[in-house]
Amino acid sequence: MKIGIDIDGVILDYERVLKTYGDIYDFVELKKDGLVNRNEQYLRNRYDWTEEERMNFINKYFVELSDKTPLIPGAKDVIEMLKKEENEFIVITARGVSLEEMKDSAMRKFEEAGLSFDKYYWKQVDKLDTAQQENIDVMIDDSYSVCEKLSQNKIKTIYFRDKEMKKLEQNEYLKEVSNWGEIYRYINEIKANKLEEKA
């Protein structure tokens, strides 16, 4: 199977780190209470920061925070298990849009963890074209807008949902999970169903 995979909030626990330090930056450095929507993962929608305040945070903290971000529990083990079962992993990520150095930071983290993937697509804000072009069987992402768009276009999508993020209605193309054990179970269900269809 071809598995498309996002990085932040799926492999690296970057979204949680970003929210933590975003709140600290907002309250301590900016001395304001600029949190407007805690259910949003994107800074521009989460805080009422000016463009200058947002860019200051990005330039000052993005790479430093990325370098200290741990892997999400179970990610490495399950990815390695799925690779041994001859699944192909294609990274499709928006990383690198705001800062080019974010790609290097992710590659350093993967190297430290002993992780590698079959292909990498960086700066992918709209992931649909790449997912279709690669003919992926399933995409793992933590963005509700990405998951919504892919599933509406009949691409099986695993929504790795943080408890604060928007809920989406599950259907045959959209599955919500909260950990890598659930991802492993669901991917094996997809494989079993494919085998049944061929039989």
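The values are calculated or read from the model by the stated rules, or taken from the named source; none is laboratory data. In this text, all values refer to a predicted model and were calculated from it rather than measured experimentally. Note that each Cβ is placed from the backbone with ideal geometry, even for glycine, and that neighbours are counted across all protein chains shown. Surface areas here come from the heavy atoms of the whole protein model, side chains and all, with no ligands, DNA or RNA. Shrake-Rupley method; radii C 1.70, N 1.55, O 1.52, S 1.80 Å.
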Fill in the blank from the handout: Full extension between residue 112 and residue 86 adds, at 0.36 nm per residue less the Cα distance, a length in nm of 7.1 nm
Handout entry: ³J(HN,Hα), Karplus 6.51/-1.76/1.60, whole Hz, each residue of region 90-103, x for Gly, Pro
Key = 10, 6, 10, 9, 7, 3, x, 5, 6, 9, 4, 5, 5, 5
Fill in the blank from the handout: If each part is reduced to its alpha-carbon centroid, region 16-92 and region 139-192 end up apart, in Å, by 19 Å
Fill in the blank from the handout: Applied in sequence order to region 27-38, the curve 6.51 cos²θ - 1.76 cosθ + 1.60 (Karplus, θ = phi - 60°) yields integer Hz couplings, x standing for Gly and Pro, of 7, 8, 7, 7, 6, 9, 10, x, 6, 10, 8, 5
Problem - Estimated FRET transfer efficiency (residue 163, residue 61; beta-carbon r; R0 25 Å; 0.05) - result: 0.60
Completion exercise
For region 53-146 (alpha-carbon point model, no solvent) the Debye-based log₁₀ I(q)/I(0) at q = 0.15 Å⁻¹ works out to -0.68
Completion exercise
The pairs in 109/149; 83/154; 68/119; 103/154; 109/166; 32/175 lying past 26 Å Cα-Cα in this model are 109/149; 103/154; 109/166; 32/175
Fill in the blank from the handout: Rounded to the nearest whole number, the per residue volume of the convex hull around the C-alpha atoms of region 87-199 in Å³ is 124 Å³
Exercise for the section: Over region 1-134, with every protein chain in place, what whole percent of the accessible area is carbon and sulfur at 1.4 Å, could you tell me? Expected result: 48 percent
Practice task
Excluding residues on the same chain fewer than 8 positions from residue 198, give the aspartates and glutamates whose Cα lies under 18 Å from its Cα.
Solution key: 137, 189
Problem - Net lengthening on full extension, residue 23/residue 153 (0.36 nm per residue, minus Cα-Cα) - result: 43.3 nm
Problem - Calculated from backbone phi, Karplus (6.51, -1.76, 1.60) coupling profile of region 170-186 in Hz, x at Gly/Pro - result: 6, 7, 5, 10, 9, 10, 8, 9, 10, 7, 6, x, 5, 4, 4, 4, 5
Handout entry: Distance cut-off 21 Å, percentage of C-alpha pairs in the chain lying past it
Key = 53 percent
Fill in the blank from the handout: With only helices counted (DSSP H, runs n ≥ 4, each -39500 (n - 2.57)), the per-residue ellipticity at 222 nm for the chain, to the nearest 500, works out to -13500 deg cm²/dmol
